[in-house]
Amino acid sequence: MNEIKHVKEAFTELAPSYIKTMDKELIQFWGISYPIFVDRLVSAADIKEGERVLDIATGTAVIPLKLISMNHQDQVVGLDITAAMLKQGHEEIAKDGALNKIDLVCASAMDMPFAKGIFDVIICGLGTHHMNVPNMLLEAKRLLAENGRLIISDVGATPFWRSVAGKTLLRLLMFQYGFVNNSARTQAELEAFQNVRTAQEWSELLKDFGFAKVYIDEIKPRLPWFPSGLTLEAVIAT
């Protein structure tokens with residue numbers, strides 16, 4: 001419960017500067033901008049005309065807006081737990097004249113208010129490390145139609161993170177980060193650390209929860225102690 005509270009507080013503070021902050025952090029970690037990250041995620045999703053799409057942890061609705069502009073989708077649903085982020089997203093959607101194409105829902109990804117099998121594609125960008133991932137995967141599996149696809153792009157753990165030296169260094173860096181930065185965002189990111197998985201760990205988890213044809217693309221971090229970038233694609237096993 002505290003984790004959810006800290007996530008809401010963190011992203012309420014971050015909402016006005018979300019895109020700028022993500023841009024700075026992704027350039028630091030991977031050497032790519034946030035717009036490029038979104039373009040790659042949308043390209044990986046390869047949405048077909050008429051497919052029903054849900055964007056989890058939609059934030060300020062950057063991904064739904066990109067889907068509308070690139071794929072001429074008639075309807076996209078964005079879900080987020082933080083009302084302030086959705087408020088910011090609603091303003092951006094209104095500016096783009098897309099209010100009739102994007103629906104925003106304030107709810108948890110671990111308990112989504114939708115009917116079974118209602119979506120063809122579920123996307124999540126930079127959100128899973130703040131979630132109870134097993135619960136989210138159960139919900140995603142429930143909501144996806146037959147042969148439905150799940151596309152996740154987020155920070156990932158590197159082999160260095162699992163080494164003795166890496167674990168020791170990361171503990172020191174986390175302690176320093178928490179000591180120097182006293183904010184809701186800091187607390188949320190520290191709590192999210194345990195949810196950051198390696199590519200292999202993600203592959204095994206997805207298969208355990210009934211997904212197949214798992215494909216993972218990895219962006220190498222600019223420094224060994226930075227997280228990697230993982231894009232995961234999988235379909236409902238039949």
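Just so you know, all these numbers are worked out from the coordinates, no wet-lab data involved. Small disclaimer: the values here were computed from a predicted structure and weren't measured. Cβ placement follows ideal geometry from the backbone for every residue including glycine, while neighbour counts extend to all protein chains displayed.
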Reduced to Cα centres, the span from the stretch 36-93 to the stretch 215-238 in Å works out to 20
What are the semi-axes of the equivalent ellipsoid of the stretch 18-81, taken as the square roots of 5 times the eigenvalues of the Cα gyration tensor, listed largest first and rounded to whole Å? 22, 13, 8
What are the ³J(HN,Hα) couplings of the stretch 125-142, residue after residue, when phi is run through the Karplus curve with 6.51, -1.76, 1.60 and θ = phi - 60°? Round to Hz, x for glycine and proline. x, 6, x, 5, 5, 9, 10, 7, 5, x, 5, 5, 5, 4, 5, 4, 4, 5
Using alpha carbon coordinates only, what is the Rg to Rh ratio of the stretch 2-236, with Rh defined as the Kirkwood radius? 0.95
Max mean-square fluctuation residue, GNM over the chain, Cα-Cα springs under 10 Å, options Phe226, Phe175, Phe209: Phe175
CD proxy, 222 nm, the chain: helix-only mean residue ellipticity via -39,500 (n - 2.57) per DSSP H run with n ≥ 4, per residue, nearest 500, stands at -14500 deg cm²/dmol
Spelling out what I want: for every residue of the stretch 148-157, take phi, set θ = phi - 60°, compute 6.51 cos²θ - 1.76 cosθ + 1.60 (Karplus), and round to whole Hz; glycine and proline get x. x, 10, 10, 10, 10, 10, 7, 5, x, 7
With a sphere of radius 15 Å drawn around the Cβ of Ile93, what net charge do the other residues whose Cβ falls strictly inside it have (Lys, Arg +1; Asp, Glu -1)? -3
Would you list, by chain and number, the lysines whose Cα falls below 24 Å from the Cα of Lys20, excluding same-chain residues fewer than 8 positions away? Lys5, Lys8, Lys66, Lys87, Lys95, Lys220
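Over the chain, calculate the relative contact order: mean separation of alpha carbon pairs under 8 Å at least 6 apart, over the residue count, as a percent.
21
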Please turn the phi angles of the stretch 52-68 into ³J(HN,Hα) values with the Karplus equation 6.51 cos²θ - 1.76 cosθ + 1.60 (θ = phi - 60°), one per residue in order, whole Hz, x for glycine and proline. 8, 10, 10, 9, 7, 6, 5, x, 8, 6, 5, 5, x, 5, 5, 4, 4
Could you work out how far helix 2-14 tilts from the main Cα principal axis of the chain, as a 0 to 90 degree angle to the nearest 10? 80
Once Rh is set to the Kirkwood radius over Cα pairs, what Stokes-Einstein translational diffusion coefficient, in µm²/s, holds for the stretch 1-123 at a temperature of 25 °C and a viscosity of 0.890 mPa s? 164
